[in-house]
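Peer 1: Quick one: structure below, then a few questions.
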Amino acid sequence: MSTISLHDLTFAETEQRLADDGLARHHARALWRALHRQSELDLAARRDLSPPLRRWLDAHLHQDVTLDAPTINAKIDSSDERTRKLLLRLDDGQEIETVVMGYPGRFTACLSTQAGCAMGCVFCATGQMGFVRHLRPGEIVAQVLHAQRLLHSMGEPGLRNLVLMGMGEPLHNYDAVMKALGIITDDRGVNLGPAKISVSTVGVVPGILRMAEEQCPYNLAVSLHAATDEERSALVPSNRRWPLADLMAACRTYGEKTGRRIFFGWTLIEGRNDSPAHARRVAELLQGLDAHVNLIPLNPTQGYSGRTTGEAVVEEFQSILQDAGFPSTIRQRRGIDVAAGCGQLRASKAKRQSEALE
Ligand code: SAH
Ligand code: SF4
């Protein structure tokens, strides 16, 4: 018997699934309200659902229909009380991270799109782990629902923004990511505006071109980190497959086709990519593009000896970009005390476990 997860289904697919069992289509709205609007994980306990829907749930739930209800393995509050990190354990035992950060009334969730990552960026804890598997759409949707549940338990109205900057490369898992975002933005469910969502990529060129072609309504962030192929390939191995000329051409096509600004990410590593000359090269590379640069001082990881750039150097880098006409933001390494860098909670937990075995 094949099972499906309700979190994997679009609204139309939910209607169809219910219709296949003889239920009128309007039941899909009630099911979605409980599932996506109220982030309900215990549907069987919902006495307010209509009798036909409850009978259907009784017959199918945990039989041929399941939910993505990952177990929460760790929930660590950072001392600034603005960052909370969920380590979610999936059905097959894989663990992924979801980070919720922000201020009252405006929280952002940072979602994972894969367990591990195939791209191998040297400074990234997820890259150091290697690729494990793609996440299904439901496993991406469920992270949003967990974040919503957490915020509601804090008396917060819910998420304001979503960034796909957790574990994994979203455009390497294109179909599942776009399906999940379609579900999350559906006004019968979570109903988050597409303009509130950012997809961050290391530079998977075919994915960027597909987003342009399909006029995807989400923000695009491109993690650059270096402005020459030699330097970039040393930090980001996938640059050998999609070199800078191809990446920048894809960004220009994206800009022309969508009319959207692109957000470029630059992880600053001391002595590696943080000099004034580097800043000038970034400005040259981005010439003519509607671009915003996010400067992220390196979050140190176990598997990489690089050090983080000091504040004064970051500010000088920023002022060179500013003089060249590019707006930029210095991103704080939020929650560094809870190891909230990409993939780091999972990595540090694995280390603690292996230490415990010794
Ligand atoms: N794979 C996608 C999205 C996940 S990584 C991408 O690479 O864009 C999200 C962001 O975190 C990327 O910009 C990445 O460069 C950055 N990042 C990863 N490890 C980091 C670290 N140790 N310190 C600072 N930024 C890091
Ligand atoms: Fe993958 Fe992004 Fe980490 Fe690079 S920075 S290894 S693309 S998750």
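The values are calculated or read from the model by the stated rules, or taken from the named source; none is laboratory data. The shown structure was predicted, so the numbers you read here are calculated from the model rather than taken from an experiment. Note that each Cβ is placed from the backbone with ideal geometry, even for glycine, and that neighbours are counted across all protein chains shown. With ligands, DNA and RNA removed, areas are computed over all heavy atoms of the protein, side chains included. Shrake-Rupley method; radii C 1.70, N 1.55, O 1.52, S 1.80 Å.
Peer 1: Please check: in the Gaussian network model of the chain (C-alpha springs, under 10 Å), which one of H26, H225, H134 has the largest mean-square fluctuation.
Peer 2: Maximum among the listed residues: H26.
Peer 1: Now for a different question. In whole percent, how big is the carbon plus sulfur part of the accessible area of region 14-99, probe 1.4 Å, protein atoms only?
Peer 2: Numbers: 1770 of 4210 Å².
In region 14-99, the share of accessible area belonging to carbon and sulfur is 42 percent.
Peer 1: Now for a different question. Using 0.36 nm per residue, how much length does the chain from S275 to A45 gain when fully extended, once their Cα-Cα distance is taken away?
Peer 2: Values: separation 230, 0.36 × 230 = 82.80 nm, distance 5.88 nm.
Gain in length upon complete extension: 76.9 nm.
Peer 1: May I pose another question? For region 222-313, what ratio Rg/Rh do Cα atoms give with a Kirkwood hydrodynamic radius? Kindly include the intermediate steps, with their values, before the conclusion.
Peer 2: Working: Rg = 13.5 Å, Rh = 13.9 Å.
Using Cα coordinates only, the ratio equals 0.97.
Peer 1: Quote the relative contact order of the chain in percent (integer), defining contacts as alpha-carbon pairs under 8 Å separated by 6+ residues.
Peer 2: On the way: 665 pairs, mean separation 53.6, N = 358.
Computed over the chain, the figure is 15 percent.
Peer 1: What residue among G22, G168, G306 has the largest mean-square fluctuation in a Gaussian network model of the chain, using Cα springs under 10 Å?
Peer 2: G22
Peer 1: Turning to a different aspect of this structure: Quick one: which residues, 5+ away or cross-chain, put their amide H under 5 Å from the amide H of V293? H built at 1.01 Å from N.
Peer 2: F264, S328, T329
Peer 1: Further, regarding this structure: Could you tell me whether region 4-66 comes out rounded, prolate or oblate from its Cα gyration tensor? Rule is a ≥ b ≥ c as square roots of the eigenvalues, rounded for a/c under 1.5, then prolate if a/b exceeds b/c, otherwise oblate.
Peer 2: Numbers: a/c = 1.17, a/b = 1.11, b/c = 1.06.
Judged from the Cα gyration tensor, region 4-66 comes out rounded (a/c under 1.5).
Peer 1: Explain nothing, just the number: relative contact order of region 4-66, from Cα pairs under 8 Å at least 6 residues apart, as a whole percent. Walk me through the numbers before you get to the answer.
Peer 2: Numbers: 37 pairs, mean separation 22.3, N = 63.
Averaging sequence separation for qualifying contacts and normalising by length gives 35 percent for region 4-66.
Peer 1: Also: I need the semi-axes of the equivalent ellipsoid of region 1-134: take the C-alpha gyration tensor, multiply each eigenvalue by 5, square-root it, list largest first in whole angstrom.
Peer 2: Details: eigenvalues 222, 75, 33 Å².
Over the Cα atoms of region 1-134, the ellipsoid semi-axes are 33, 19, 13 Å.
Peer 1: In sequence order, what are the phi-derived ³J(HN,Hα) couplings for region 123-137 according to the Karplus relation 6.51 cos²θ - 1.76 cosθ + 1.60 with θ = phi - 60°, rounded to whole Hz, with x for glycine and proline?
Peer 2: 8, 9, 4, 5, x, 5, 7, x, 8, 10, 6, 6, 8, 6, x
Peer 1: For I76 and T253, what does the FRET efficiency come to when R0 = 41 Å and r is the distance between their Cβ atoms, rounded to the nearest 0.05?
Peer 2: Values: r = 41 Å, r/R0 = 1.01.
Approximately 0.50, to the nearest 0.05.
Peer 1: Project the alpha carbons of region 62-166 onto their principal axes and report the range along each, largest first, in whole Å.
Peer 2: Largest first, region 62-166 extends 43, 36, 21 Å along its Cα principal axes.
Peer 1: A follow-up question, please. So the label point goes 7 Å from the Cα of R29 along Cα→C-beta, right? Which residues of region 49-73 then have their backbone N under 14 Å from it?
Peer 2: Once the point is set 7 Å along Cα→Cβ of R29, 50 turn out to lie under 14 Å by backbone N, inside region 49-73.
Peer 1: How big is the chain along each principal axis, measuring the range of its Cα positions in Å and listing the largest first?
Peer 2: On the principal axes, the chain reaches 68, 54, 38 Å in Cα extent.
Peer 1: Once R0 is set to 25 Å, what does the formula 1/(1 + (r/R0)^6) return for the Cβ-Cβ distance between A195 and A118, expressed as a FRET efficiency to the nearest 0.05? If you can, show how the numbers build up before the last one.
Peer 2: Numbers: r = 29 Å, r/R0 = 1.17.
Given R0 = 25 Å and the Cβ-Cβ separation, E is 0.30.
Peer 1: How much length is gained on full extension from E284 to I4, taking 0.36 nm per residue of separation minus their Cα-Cα distance? Present the calculation step by step, with values, prior to reporting the outcome.
Peer 2: Working: separation 280, 0.36 × 280 = 100.80 nm, distance 4.93 nm.
Here the segment from E284 to I4 would lengthen by 95.9 nm.
Peer 1: Hey, another quick one. Testing the spin-label approximation: label points 7 Å from Cα along Cα→Cβ at E316 and R241. State their distance in nm.
Peer 2: Inter-label distance under the simple model: 3.7 nm.
Peer 1: For helix 276-286, report the angle its Cα long axis makes with the longest principal axis of the Cα atoms of the chain; keep it between 0 and 90° and round to the nearest 10°.
Peer 2: It is inclined by approximately 60 degrees.
Peer 1: Show me the ranking of peptides 309-315, 10-16, 160-166 by mean Cβ neighbours inside 10 Å, starting with the highest. Each step should come with its number before you reach the end.
Peer 2: Details: 309-315: 14.4, 10-16: 16.6, 160-166: 22.0.
Output ranking for 309-315, 10-16, 160-166: 160-166, 10-16, 309-315.
Peer 1: Quick check: the angle from helix 311-323's long axis to the longest principal axis of the chain, C-alpha only, nearest 10 degrees?
Peer 2: The angle comes out near 90 degrees.
Peer 1: Residues with amide H under 5 Å of F131's amide H, sequence separation 5 or more or different chain, H placed in the peptide plane at 1.01 Å from N; which?
Peer 2: Correct list: C117.
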